[in-house]
Amino acid sequence: MASDPSNALQLVPETLLKKRHDLDQLRAKRAAAALTNPLIPRKRISDKSKVVRVLRPETILIQARHRRNYDTRFKRVQKKGMQKRAENKSVTKVKIWNAEKEEEVDEKELEKRRLAVEAAAAAAAAAVAEEKSDDEESQSDSEDEDDDKGMKDDNTDKNKISKTKTAKTDPVDVTSRYQKITYKANSIGASTVFAVLLRPTAHDTPKTVKKTLSSLRLRRVREGVFLPYTEAVRKMLNLVEPFVLYGIPSLETISDLVRRRGFCRIEGKRVPLADNNVIEKELGDLGLICVEDLVQVLSKGGLDGLGVEAAGGNDGAGGQEGTFFKVARFLWPFRMTSRKSKFQRRMLDLKDGKLYGDQGEAINGYIREML
């Protein structure tokens, strides 16, 4: 008589048995916890919960020292100005630009390359001259082999002379590959500057610096705003210079900023500039109906007679609210990205170093890196 297959013993996989055992263990633990603490609800801690950060006493002392140093500098600049670093004239500098790689080249490194290439060319020419003199001596000794060797020597001489010529043409030619570009190194004489907050202002920043940055509408790290470069704004930027990077933006840079990172303020909310109808609705009474109008106003900022309070971004009386001020208040502060990735900052330890303060027209390159 055949056995019924349903009565046969069914095999259960070992992994399934282990899962059941783990679940039974978990239920037992929860039942025991409910018996011991019946009134305290069980709180589930996830991996995304905030980690408690413990500060060492050395860190607290370092932050206090930084805060004290920044406060001392703020008071000194407020009382005496920038002193030796004060520039009342426009300063121009020259940079070497690689047109093929589209990057700036260090002048010292370029000079080293040129000297190395010249030394290699001189060594090659000396080697050719030495071989030529040796050949002439050997020709005087053996007249029978003169014809054969002469033909070979001429061929070798031609080859080596051609090599030296290519060695002279191969090196980097400054006139063809590289361009010398003259640019303004400071913002004196500009009507508009673009300022970006570089460093966080959480622990080691005095209240006076925070208040000045807040009046400039720089409250978050890597946020940028357009400011009219008046005398009042210049003094405020000098007070907070270690925290701010600013300079003269070009018309192309302003257009890229507004189109790619532009957001506007409507009823206190951050709304993207996706349509010209938003601009016409909010700023139509000023004759501004599109993005091009905003770009033109921002590029000519400070020319409509702004006062101190308007330049600082406050709504109180004491300054004439010009078109630039209304456009600057209409635009939300631009949120930029970091120039270095998280991998470069943490693993490679690449830092910006002493990159802060007035950069003049060089700010355009930094803005392109942060767009």
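Worth pointing out:
- Residues whose placed amide H lies under 5 Å from that of residue 203, excluding near-sequence neighbours: none
- Violating pairs (Cα-Cα greater than 19 angstrom) within the set 300/326; 89/235; 112/340; 184/210; 211/326; 184/326: 112/340; 184/210; 211/326; 184/326
- Only protein heavy atoms count here; on that basis, with a 1.4 Å probe, residue 194 has an accessible area of about 0 Å².
- With a simple spin-label model that places each label point 7 Å from the Cα along the Cα-to-Cβ direction, the separation between residue 63 and residue 179 comes to 4.8 nm.
- Solvent exposure of residue 134, expressed as accessible area, is near 80 Å², computed with a probe of 1.4 Å over the protein chains only.
- Cα-projected label distance for residue 122 with residue 73, points at 7 Å along beta-carbon direction, nm: 4.5 nm
- Per-residue accessible area (protein heavy atoms, 1.4 Å probe) orders 26, 198 as 26, 198, starting from the largest.
- Assigned charges on the beta-carbon of Lys, Arg, Asp, Glu; segment 190-302 dipole about Cα centre (debye): 680 debye
- Largest accessible area first, the residues 97, 332 order themselves as 97, 332 under a 1.4 Å probe with ligands, DNA and RNA left out.
- Accessible area ranking (1.4 Å probe, heavy atoms, ligands and nucleic acids excluded), largest first, for 361, 241, 14: 14, 361, 241.
- Residue-level accessible surface for residue 20, protein heavy atoms, 1.4 Å, Å²: 120 Å²
- Note on segment 188-274: with neighbouring protein chains present and a 1.4 Å probe, carbon and sulfur make up 50 percent of its accessible heavy-atom surface.
The values are calculated or read from the model by the stated rules, or taken from the named source; none is laboratory data. Predicted model only: the values in this text are computed from it and were never measured. Positions of Cβ are backbone-derived with ideal geometry, glycine not excepted, and every protein chain shown enters the neighbour counts. Areas reflect the complete protein model, heavy atoms only, side chains present, ligands, DNA and RNA absent. Shrake-Rupley method; radii C 1.70, N 1.55, O 1.52, S 1.80 Å.
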